[in-house]
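Taking it in order: structure first as structure tokens, then the write-up.
The values are calculated or read from the model by the stated rules, or taken from the named source; none is laboratory data. What you see is a predicted model, and the numbers here were worked out from it, not measured in a lab. Virtual Cβ from ideal backbone geometry, glycine too; neighbours counted across all protein chains shown. Accessible surface areas use protein heavy atoms only, side chains included; no ligands, DNA or RNA. Shrake-Rupley method; radii C 1.70, N 1.55, O 1.52, S 1.80 Å.
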Amino acid sequence: MSFSQQLKEATKHSWELSLNHPFVQGIVKGDLPLETFRYYILQDIYYLKHYGKIHAFAAAHADDFAVSAMLAEKAKLTAEAELTVHKQHAQILNITEEDLKNFKPAPTAYAYTSHMYRAALSGSLAEIVAAMLPCYWLYADIGRINKDAKPKEEIYQNWLATYASDWFQESTQEQIDLLDELALEASEKEKEKIKDQFIIAKEYELAFWEMSYTFEKWLSEKD
């Protein structure tokens, strides 16, 4: 079993909870309220802006220039592709420039991006990649598993199609392969650090669905 598969196996329960979360299943079935999806899109636009920056951090950490170039290009393409899709979503969901200007991330969105920055600032390249990988891998699985789903809402069809696309599936596999390659040179102690980064990031992926589904707020903002 490859190192990446070992990590996925270690997060098996979290993975199943993510795939079957009512937020995801609501998209697949087409009955998720659009207001809930709108909340998610706002949070995810914030997340993706930082996710692109984490790719840039990873590129700077790489000793192999080919890996640096790949990560830098992936930062650009991933951000452009997903933010373009989100821009289309924003138009449909009536998300205005004023909404984006006044946006404040929910606790989970803020904590998740902070986790990745911690990996970027204090971890190895493998740890950074491990912190980024669950986002790729989970969305790729959702797209692949639900590629034949036909939710009535076109916006949900487009969302699923993005992650089922050959481009996204191949991009995900590149990240998986990169982590496996980096793990070959890692000590057992280093592998434990890599594993920790992956597991925590995967937990945040699950928490992101729950955040979106429950319209998570900061404690001081609750009635």
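See the values below:
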item	result
Flag if W167 is buried (at least 17 other Cβ atoms within 10 Å of the Cβ), over 13 Å from the mean Cα position of the chain (by Cα) and hydrophobic (A, V, I, L, M, F, W, C)	no
Any hit, region 145-156, residues being open to solvent by less than 10 Å² (accessible area, probe 1.4 Å), of a type outside the set (S, T, N, Q), more than 14 Å from the chain's Cα centre (by Cα) and more than 20 Å from E205 (Cα to Cα)	yes
Those residues of region 128-144 which are farther than 23 Å from L182 by Cα and within 14 Å of the chain's Cα centre (by Cα), in sequence order	I142, G143
Restricting region 27-37 to residues that are closer than 13 Å to P151 by Cα and part of a helix (DSSP H, G or I), the residue that is most open to solvent (accessible area, probe 1.4 Å)	K29
Failed condition for S220, given (1) surrounded by fewer than 20 Cβ atoms within 10 Å (Cβ to Cβ); (2) hydroxyl-bearing (S, T, Y); (3) at pLDDT 95 or above	(3)
Residue list for region 124-148, filter: among the hydroxyl-bearing types (S, T, Y) and over 13 Å from Q175 (Cβ atoms)	S124
Matching option when the condition is buried (at least 17 other Cβ atoms within 10 Å of the Cβ), on the phi < 0 side of the Ramachandran plot and of a type in the set (D, E, K, R), among E73, E127	E127
Pair list, Cβ under 8 Å, 6 or more apart: region 1-26 residue part of a loop (DSSP other than H, G, I, E, B), other residue open to solvent by less than 80 Å² (accessible area, probe 1.4 Å)	S2/D180; T11/P134; T11/F198; T11/I199; T11/K202; H21/L206; H21/W209
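To keep it simple, each residue is scored yes or no on (1) outside any helix (DSSP H, G or I); (2) touching a Pro at 6+ places or on another chain (Cβ under 9 Å); (3) in contact (Cβ under 8 Å) with a residue 40 or more places away in the chain; (4) under 20 Å from L7 (Cβ atoms).
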position	(1), (2), (3), (4)
L121	no, no, yes, no
A130	no, no, yes, yes
L133	no, no, yes, yes
A186	yes, no, yes, yes
Q197	no, no, yes, yes
E205	no, yes, yes, yes
W209	no, yes, yes, yes
E216	yes, yes, yes, no
